[in-house]
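Quick notes on the structure that follows.
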Amino acid sequence: MPEAVLVARNLTKRFSVDRPPAVHRVSLDVFPGEILSIVGPNGAGKSTLLQMLLGLLTPDEGTIRIFGVDIVRQRRKVAHLMNYASTDLSLPYSLSVRENLEVYALVYNLPDPGESVRNILERFSLQSLAKTKVGKLSTGQIARLSLAKALISRPEILFLDEPTATLDPEASAELRSVLREQVESNHLALVYTSHNMREIERLSDRILLIESGKTVACGSRDDLYRHFDCDNLEEVFLKSMARARQSRENGELVYE
């Protein structure tokens, strides 16, 4: 087993002394060549957790290390090893596909921006769209460009927040295929969020279920099936969330 590239321990974040923590003592590891999906209902703390893992939000308690570096204290040392993409992340619509990628190649200060853009256009089959303005792209093409933008810097860890939320089934399947290929060929560590249970089933190596900011379950798809005596992730989700709500007062960990 390779060493984890990201190690988070006992992460806690409070936004008010009058309310329970948004995230409470959540721990996780992410390994190279692995897709870890974070799943939970709205308000479960997924976005807060992602922001802490990205170093954009400081935890009140706990530690986050990327390649052994504490990102709370030394984020600049490892910032170039991470990237993020989301359906909410807008791209300049007046620029072409190539121009968008050229901007990001310069932002990331890549040593050979022209070659980096050519390579990423080829990797994501965007050559025929290189001169097309973003405003004329389909939602699936925009999603592909967003992913290309996030990967042009060759990060070791990629965070994707609901990347297929606006996509039709065909575009979603295409994006999943591209993601799996990138993870396997480049040993990319991917942290993924989605409400689409079938998508999570097809894509994930491990799944972290959270509810009310707490870990409910963490394991492979098959491990979760066995533990909760279910044959699909939607049943696992419903059963685990119901059990978590029942035991919320004592904060028990349902499974790990």
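Read the figures in this text as sums done on the coordinates, not as results from a lab. Only a predicted model underlies this, so the values are computations on that prediction, with no experimental measurement involved. Every residue, glycine among them, receives a Cβ derived from its backbone with ideal geometry; neighbour counts consider all protein chains shown.
In terms of overall dimensions, region 1-117 has a Cα radius of gyration and Dmax of 17.0, 53 angstrom. The radius of gyration of the Cα set in region 25-89, together with its Dmax, comes out at 12.3, 33 angstrom. What is the sum of charges, Lys and Arg at +1 and Asp and Glu at -1, for the other residues whose Cβ falls under 15 Å from the Cβ of residue 182? Around residue 182, the charge tally is -1.
Remark: relative contact order (region 177-252) = 21 percent; criterion is Cα-Cα distance under 8 angstrom and separation of 6 or more residues.
Look at 218, 230 and count the other Cβ atoms within 10 Å of each Cβ; fewest to most, that gives 230, 218. Taking 1.002 mPa s as the viscosity and 20 °C as the temperature, the Stokes-Einstein diffusion coefficient of region 74-148 based on its alpha-carbon Kirkwood radius rounds to 165 µm²/s. Give me the percent relative contact order of region 1-144, please, defined on Cα pairs under 8 angstrom at least 6 residues apart. Reported relative contact order: 19 percent.
Separation of region 109-186 from region 50-95 is 19 Å, based on Cα centroids. Note that the chain, at 37 °C in a medium of 0.692 mPa s, gets a Stokes-Einstein diffusion coefficient of 172 µm²/s from its Kirkwood radius over C-alpha pairs.
Over the chain, Cα pairs under 8 Å with separation of 6+ residues give a relative contact order of 24 percent. Largest first, the extents of the alpha carbon coordinates of region 90-191 on the three principal axes equal 31, 30, 21 Å.
Tell me which GluC sites (Glu not before Pro) from region 1-90 have a DSSP coil assignment and no more than 16 other beta carbons within 10 Å of their own. Listed in order of number, the matching sites are 3.
Among 197-204, 13-20, how do they line up from the highest to the lowest mean number of other beta-carbon atoms within 10 Å?
Working: 197-204: 18.5, 13-20: 11.0.
By packing density, highest mean first, the sequence is 197-204, 13-20.
The magnitude of the dipole of region 1-143, with charges of +1 and -1 set on the Cβ of Lys/Arg and Asp/Glu and taken from the Cα centre, is near 260 debye. By the Cα gyration tensor, region 156-199 has an equivalent ellipsoid whose semi-axes, rounded to whole angstrom, run 18, 12, 7 from largest to smallest.
Distance between the 7 Å Cα→Cβ label points at residue 154 and residue 73: 3.0 nm.
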